[in-house]
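Working notes for the structure below.
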Amino acid sequence: MAQPPASVLRSDWISLCLPTLEQTEIAPKMGSRGSAHKQPRTYLQIPKKLVQLWLARPEVKAALAGSHIEIEQERSHLLHTEADVERAANLYLIHEMNFIFKVILGSLSVQLQEELKCSSQVSQKGTRIDITWYVNDKAIVIMEYKRCHIVERDQWTARTIEFDEWYSMPKELRDTSEFKEKVETKLAELRGRKADSQTHIAKQIGEYAEQRKAPIMIVFDWNEMILVDMYPSMKKHHSQTNPAQIFFSDEGLPDADGDCEFTHRKVLLAAFIRGLEKQKFLEELRLPSAREPQNAAVQGASRVRPPRNTRSTVAAAPNVR
């Protein structure tokens, strides 16, 4: 007799790495798609402490208190093409995340005009975007799938600057002189560097972000997941005054052993929360400065109300069998 599927808490499920699936070992080099969008020259690293704040919001804790029915892993997966990555992501990532997102939206103090929308492969202005999450017709997150091994983390980290002070001071009090020095140093290191896959991907997602007015982009090739904020302050990025921001999943690290602090699932959840902040559905959190009490960052966060009836299905959720 077949055993009933196991049930686990969503808080445990979201902390697990995605299954290890058979995949093509080496992906072909990525050529340019002809996008004229200007890519960021450098990125500002989003501090882990800030991402932890996003994931610790009461709206998130309430959503993760529910249960998830474990899906039996298919043995037929071979991640050879981008479509293979998308199919596996629908099964092991997107389907459950849509229900988590729906519970989060049900706890907001803001009255929503429409349910969560999750659309895929929508063409507009000559581009076709893999997956977009909308709330009240505002884009929250766009995710772009890539073939395995297309996303090379080193190419992104080479352009990344760490400067946590950027996130801990109000804009009007921020001293950018030290940050500008860091940018100039990084640009000097990058001078003469040839175009690579990062260059082409950054141009592509920058174009998508501009078309859909999407605050947060996710690049995902099953092994790597990168969160990119192309439009900080909802304005076009500028290396020294409005830097593009970036965060990496721990699952792509060589020593990742299945016990990661920031799994792909957690990074996608963090991206959704940050997108809600930037579209004004949640009040924005920031790191406290050394002169502020530790709880100052969360003051003014939205109050949580009991979730509304969530029996209706998520619009355009992926079909999972």
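Look at (1) more than 19 Å from Val228 (Cα to Cα); (2) assigned to a helix (DSSP H, G or I); (3) not polar (S, T, N, Q) and you find that Arg193 fails only one, number (2). Only one entry of Ile94, Ile140, Ile104 meets the criterion of being buried (at least 18 other Cβ atoms within 10 Å of the Cβ), modelled with pLDDT of 90 or more and in a strand (DSSP E or B), and that entry is Ile140. Residues in segment 151-182 that are in contact with a helix residue (DSSP H, G or I) (Cβ under 9 Å, 6 or more places away or on another chain), more than 30 Å from Leu116 (Cα to Cα) and outside any helix (DSSP H, G or I): Glu152, Ala158, Arg159, Thr160, Ile161, Glu162, Phe163, Asp164, Arg174, Asp175, Thr176. No other residue among Asp259, Asp250 is touching a Phe, Trp or Tyr at 6+ places or on another chain (Cβ under 6 Å), closer than 17 Å to Leu18 by Cα and of a type in the set (D, E, K, R) apart from Asp250. Screening Thr185 with (1) under 16 Å from Leu44 (Cβ atoms); (2) of a type in the set (Val, Ile, Thr); (3) in contact (Cβ under 8 Å) with a residue 24 or more places away in the chain; (4) assigned to a helix (DSSP H, G or I) gives one miss only, at (3). What number of residues within segment 236-270 satisfy the criterion of being more than 20 Å from Met143 (Cα to Cα) and either out of contact with any Cys (no Cβ under 6 Å at 6 or more places or on another chain) or hydrophobic (A, V, I, L, M, F, W, C) (or both)? Count: 14. How many residues are surrounded by fewer than 20 Cβ atoms within 10 Å (Cβ to Cβ) and touching a residue at least 60 places away in the same chain (Cβ under 8 Å) if we restrict to segment 153-164? Total satisfying the criteria: 7. Looking at (1) under 26 Å from Ala244 (Cβ atoms); (2) in contact with a helix residue (DSSP H, G or I) (Cβ under 6 Å, 6 or more places away or on another chain); (3) not acidic (Asp, Glu), which is the one condition that is false for Gly66? Result: Gly66 fails condition (1) only. Applying the set (1) crowded, with 24+ Cβ neighbours inside 10 Å; (2) part of a helix (DSSP H, G or I); (3) in contact with a helix residue (DSSP H, G or I) (Cβ under 8 Å, 6 or more places away or on another chain) to Lys266 leaves exactly one unmet item: (1).
Here's the yes/no breakdown for (1) under 20 Å from Glu251 (Cα atoms); (2) of a type in the set (D, E, K, R):
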residue	(1), (2)
Leu64	no, no
Ile69	no, no
Glu86	yes, yes
Lys102	no, yes
Gln113	no, no
Trp133	no, no
Met143	yes, no
Cys148	yes, no
Arg153	yes, yes
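Within 27 Å of Lys280 (Cβ to Cβ), of a type in the set (Ser, Thr, Tyr) and in contact (Cβ under 8 Å) with a residue 12 or more places away in the chain, is that true of Ser107? It is true that Ser107 is within 27 Å of Lys280 (Cβ to Cβ), of a type in the set (Ser, Thr, Tyr) and in contact (Cβ under 8 Å) with a residue 12 or more places away in the chain.
Condition check ((1) within 12 Å of the chain's Cα centre (by Cα); (2) modelled with pLDDT of 85 or more; (3) under 17 Å from Val122 (Cβ atoms)) across all residues:
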position	(1), (2), (3)
Arg191	no, yes, no
Gln198	no, yes, no
Ile201	no, yes, no
Ile205	no, yes, yes
Glu210	no, yes, yes
Pro215	yes, yes, no
Trp222	no, yes, no
Asp229	yes, yes, no
Met234	no, no, no
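Here is the figure for segment 107-122: residues that are surrounded by fewer than 16 Cβ atoms within 10 Å (Cβ to Cβ) and in contact with a strand residue (DSSP E or B) (Cβ under 8 Å, 6 or more places away or on another chain) total 5. Sub-6 Å Cβ pairs linking a first residue in segment 221-240 that is outside any loop (DSSP other than H, G, I, E, B) to a second residue that is modelled with pLDDT of 95 or more and of a type in the set (S, T, N, Q), at least 6 apart or interchain, are Met225/Ser249; Asp229/Gln245; Pro232/Gln245, ordered by first then second residue.
The values are calculated or read from the model by the stated rules, or taken from the named source; none is laboratory data. Bear in mind the structure is a predicted one, so any value in this text is a computation, not a measurement. A quick note on method: Cβ atoms are made from the backbone with ideal geometry, for glycine too, and the neighbour counts reach across all protein chains shown.
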